[in-house]
Amino acid sequence: MEIVNIAQEIEKKVKALELGRDILKEYAHNKANTIGEYEKKIAITLIKLRNGTEFELDGAKIKNPPVSIMEKIAKGICFQGKIDMEVAEAEYKNGIVGMSAISSELNGYQSIFRHLEQKGVD
């Protein structure tokens, strides 16, 4: 490989990392928002259950459940929020892994560049 081609690849990887950093910020923000929304939904559902509001979950009506199982029932009622939270977490972790892979590629190109530069290859 020519040193110019390696330099171009290094530049591409740096740009990809810059873009990835911005995307990762969005994923982190989304992750935080989904966690907050889920916790809020659980709290509201618990309050409503305690106040006697009736809920339906897969055809089963729920009203005035025992306090000992109220939180589990609230989590069941708010299951979609939990799914959204897990998806946001997976996106965030996947973004980190992707950034790490690009960083590894960049390190490889930088090593090749240094090697070619030391040999005096154009």
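What follows is calculated from the coordinates using simple rules that are stated; it is not laboratory data. Source: prediction; values computed, not measured. Quick reminder, even Gly has a Cβ in these numbers, built from the backbone with ideal geometry, and neighbours come from all protein chains shown.
One residue is enough: does segment 60-68 have a residue meeting the conditions assigned to a helix (DSSP H, G or I) and without any contact (Cβ under 8 Å) to a residue 40 or more places away in the chain? Yes, segment 60-68 contains at least one residue that is assigned to a helix (DSSP H, G or I) and without any contact (Cβ under 8 Å) to a residue 40 or more places away in the chain. Taking every residue in segment 89-112 that is of a type in the set (A, V, I, L, M) and pairing it with any residue that is assigned to a helix (DSSP H, G or I) and loosely packed, with under 12 Cβ neighbours inside 10 Å, at least 6 positions away or on another chain, the pairs with Cβ-Cβ distances below 9 Å are M99/R21. Do you know which of the residues in segment 28-62 that are touching a Phe, Trp or Tyr at 6+ places or on another chain (Cβ under 8 Å) and not aliphatic (A, V, I, L, M) is nearest to A90 (Cα to Cα)? Filtering segment 28-62 for residues that are touching a Phe, Trp or Tyr at 6+ places or on another chain (Cβ under 8 Å) and not aliphatic (A, V, I, L, M), the one nearest to A90 (Cα to Cα) comes out as K31.
A single member of E54, E18, E2 is over 16 Å from the mean Cα position of the chain (by Cα), free of Cβ contacts under 8 Å to residues at least 24 places away in the same chain, more than 30 Å from K75 (Cα to Cα) and exposed (fewer than 11 other Cβ atoms within 10 Å of the Cβ), and it is E18. How about segment 26-51: which of its residues are of a type in the set (A, V, I, L, M, F, W, C), surrounded by 15 or more Cβ atoms within 10 Å (Cβ to Cβ) and more than 18 Å from V87 (Cβ to Cβ)? Of everything in segment 26-51, those that are of a type in the set (A, V, I, L, M, F, W, C), surrounded by 15 or more Cβ atoms within 10 Å (Cβ to Cβ) and more than 18 Å from V87 (Cβ to Cβ) turn out to be L46, L49.
Step by step: first the residues of segment 35-59, then only those that are part of a helix (DSSP H, G or I) and of a type in the set (A, V, I, L, M), then the one that is farthest from L24 (Cα to Cα). Which residue is that? Step by step, filter segment 35-59, then rank; the result is L49. The residues of segment 57-79 that are surrounded by fewer than 16 Cβ atoms within 10 Å (Cβ to Cβ) and basic (K, R), listed by number, are K61, K63, K72. Candidates in segment 102-122 are the residues that are of a type in the set (D, E, K, R) and part of a helix (DSSP H, G or I); of these, the one that is farthest from the chain's Cα centre (by Cα) is K119.
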